Every structure is written in C-alpha cells, then in structure tokens.
1. Of everything in region 36-73, what is in a helix (DSSP H, G or I) and either among the charged types (D, E, K, R) or closer than 21 Å to PHE209 by Cβ (or both)? Give them in sequence order.
2. What are the residue pairs meeting all of these: first residue in region 257-279, first residue farther than 26 Å from ARG296 by Cα, second residue among the acidic types (Asp, Glu) and surrounded by fewer than 21 Cβ atoms within 10 Å (Cβ to Cβ), Cβ atoms under 7 Å, and 6 or more apart or on different chains?
3. Residue pairs, Cβ under 6 Å, 6 or more apart or interchain, first in region 15-39 and within 21 Å of PHE265 (Cβ to Cβ), second surrounded by 21 or more Cβ atoms within 10 Å (Cβ to Cβ) and of a type in the set (D, E, K, R). List them.
4. Within region 217-228, how many residues turn out to be assigned to a helix (DSSP H, G or I) and either closer than 21 Å to GLU289 by Cα or without any contact (Cβ under 8 Å) to a residue 12 or more places away in the chain (or both)?
5. Could you please find all residues in region 13-35 being among the aliphatic types (A, V, I, L, M) and more than 10 Å from the chain's Cα centre (by Cα)?
6. Can you find a residue in region 157-170 that is at pLDDT 80 or above and either surrounded by fewer than 18 Cβ atoms within 10 Å (Cβ to Cβ) or under 18 Å from PHE17 (Cα atoms) (or both)?
Amino acid sequence: MISKPKIQSLSLVYFPFTLIAPSLVEALSPYFGRVILYRPVGSPTMKDLERWITQGFLETRVPFEHVIDKNALMAKLEQWRTWGLSNQGADMAYLKATGGQMAPVRPVVPEIASEIKGTAGKTQENTKKGGLAIQLFLHLAQDFDRQSRELGEKLKGFKVQQQALQAFLRVDEPGEGDDSIPPEPFPESHQDLGGLMIEHRMLAWKRLFEADPQESSLLFTDSPTAYAWFLDLAQEEIPVLKFDLPCTQPAPKDLPWKDPLEKLFHAVLTTPWNEQLQQRIDGTAREVEAMMVSWRESVTKPGEKTASFHWHVVRDQAAGNVFNEQRGPGDSEEVRRPQNTLVGLVELAAQ
C-alpha cells in the first residue's frame, strides 16, 4: 500500500455546471469529504440542497461577487429572459448568442448579437475579472439546465406510470398489449446537458475556477461529454479506478476502503509521475477495488440504486494547466501544483 499521509478530506470540484442535482450530492455524501460548486454572481438560492450546505458537505463559491456590478447584471439578464418569453424557441438562441461573445462561434440571432456587442466595449476591461458576457452566459446556461432537469424529473414520473400500466396490461391480458406502449418513452429525458455548447461551458466555467481555485486538482462531472472533452485536452491520461457504490442507503462511518482510497488519491495528486509510482498505484487501486466489491456485496440491498465511478489521472498537469492548453488572450499561467490531476465521471444508474 502507498504510505503517504492521509489528506484531511477529499474535496471534489464539480464541472462544468453551476447547479447540481440533489440525487448526485446524496450519492457522493457518504463517501467523500466535500463537493465544491462554482456559481455566477446573483445565483438563486438552492433550497433543495440546504441540508448539505448546512452540513458543510456542499460548498458554493461565487468568484467576482465583489467585482461584477450585480444590479447591471440582473438588469441585462432580465432583458434576455423577457425577450426569450416573447420569442418562440428563443431559449437556445439567446444562450448561443451570449456564448458567441466569449469564443469565436458565430452568433445565431443577429439582434441579440448586436446588443451584446454594444456592451462589449464597456465590459472588455472587466472580462479578465469575470466578464458581464460570461456571467450572462452562465446564468442562461443555469436556467436551461434547471428547466431541462425539471422536465426530466417529470418525464421520469411519467415513465413510472407507463411501466405500471404496461405491467398491468401484461397481467390482465397475458400475451397481449406488450407492444402497445413503447418500452422507453421520451428517451431525451436522459440527455447529457454537457452536450450543449460544451466549449462555451468550459470556457466560462474555467474563469470561475481560475479566479478561486481549489488547491487539489480533483475534478468530477456527471456529463460523459464534459469528461471526454477534458480528457481530450490532456497531454496524457491514464485510467486509475473504476468502481460502483450504493447511493441510497446510509453508509457506515468506518468504511474499510475509505482511508486507502484517500491515500491513493493523495499520492496521485502530489507525487511526480514515473513508472515506479504507476506500478504502486496500479497495485493499490486493485486492492481498493477488491475491498469495495467485498464491502458492497455485504451491504447492498436487492434493487438498490448504485453510482458508477470512473477515474483518470492526467499526469504532470494541474487542472488549471489542462484548461489552459486552449488558453485565450489574458488568461494567466498557473503554478504547477499539485503534480497531477484526477478527473472522475459519476453516473447514477437509471431508475
């Protein structure tokens, strides 16, 4: 086993979104020390996450809170929302238009693009400090994500009703009705929100991250698109761990694998990478995975929901350096600490 000192707690940084589903927080809370969520200035309160915030498990960070003119930002945001309500299908249009101010992507709606360009000169100096356009984009993306997730929850409820009806038909009339209802209605309820404008999302989110970075480069997402996009930026990525854990039952405090996992992550994040270290980490990872399998089999109840974790290490690059592989004008260099970056994909089993 790797005999590095134990880190105080594992703090996971969520990307590239500025809101997080309660089900994801609940799945992570028994096993990790803290989740960090970055948010734009003036974000609404998250009542459904209050208990984890109060417990200190979920930490929200709002960079530029004392730099951005909140009143001006909220006024501009209200303009876009009002415009969107009065124009059919405008939710995507104004999101793409604000994104066009941040990156060389041609805006979709000329009227909005012109309006944004009108504010560009006034905010150019402010762009390095968070940018009005960037804050607007983050808010509009946040609105879109919230509405999409609310719709997804409603569709899940409909799916449960549909499955109950389908089961009733099979019981009531064996051999009949099996094909009368499609097995998977509204498959878009499982959409990966990271698939929408991922480059703009990452560009905007990394401005928040760079303004108030977490010391350890331990990132995670529940978006396969964002996960793949981040790994594509890396000079070299190496798979480290893959495991499944129950996410609905309270976990005991004395998890037998938690201390070895923390030591493994600590070694990956702080030790210069070489072949000998990789061999030691590979061996430790196999031991941790075996301990997890044994523990999971002893506590998991039949039909219990699980979370799947996939971890890669980006060697010789801190998270900020990975993002800055596509550095734009004005972006700052970041000190290469810690030594490596761990990035994880967390997927909850579909209900």
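1. LYS47, ASP48, LEU49, GLU50, ARG51, TRP52, ILE53, LYS70, LEU73
2. These pairs meet every condition: TRP273/ASP316.
3. LEU24/ASP222
4. Residues meeting the conditions: 1.
5. Passing the criteria: VAL25, ALA27, LEU28, VAL35.
6. no
The values are calculated or read from the model by the stated rules, or taken from the named source; none is laboratory data. These numbers were taken from a predicted model, which means no experiment stands behind them. Note that we place each Cβ from the backbone using ideal geometry, even for glycine, and neighbour counts take in every protein chain shown.
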